[in-house]
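The values are calculated or read from the model by the stated rules, or taken from the named source; none is laboratory data. Being a predicted model, the structure only gives us computed values, none of them experimental. Here the Cβ is made from the backbone with ideal geometry for all residues, glycine too, and neighbour counts use every protein chain on show. Keep in mind that these areas ignore ligands, DNA and RNA; they rest on the heavy atoms of the full protein, side chains included. Shrake-Rupley method; radii C 1.70, N 1.55, O 1.52, S 1.80 Å.
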Amino acid sequence: MCKTGTFLWGLAAGMVAGAMLEIIILPRPRPRRTAVGKAMQRMGNAMDQALESVAEKMS
């Protein structure tokens, strides 16, 4: 049978190897600060503020 320590060591090594493989295969996208992205952010912020003010006036 397998010893518990050996099993846990193998399990940890497999988890680390899997995480590293995921990082290599699926790199996180870098945030891009384009003009379109900035405009979308401003539009979203304006919508949030407008909804908050409407909700505030209704209550």
Go through Met15, Gln41, Pro29 and say which Cα lies farthest out towards the positive end of the charge dipole of the chain; charges sit on Cβ, +1 for Lys and Arg, -1 for Asp and Glu. Pro29
Would you mind working out the accessible area per residue for the chain, using a 1.4 Å probe, and quoting it in Å²? 102 Å²
Report the charge-dipole magnitude of the chain in Debye, nearest 20, computed about the Cα centre from +1 at each Lys and Arg Cβ and -1 at each Asp and Glu Cβ. 300 debye
Hand me the trypsin sites (Lys or Arg not before Pro) from the chain located in a DSSP loop with no more than 15 other Cβ atoms within 10 Å, in residue order please. Lys3, Arg32, Arg33
Per-residue [θ]222 nm for the chain (sum of -39500 (n - 2.57) over DSSP H runs n ≥ 4, rounded to 500): -27500 deg cm²/dmol
Per-selection Rg to Rh, the chain - Cα, Kirkwood hydrodynamic radius: 1.47
What GluC sites (Glu not before Pro) in the chain are in a loop by DSSP, with at most 12 other Cβ atoms within 10 Å of the Cβ? none
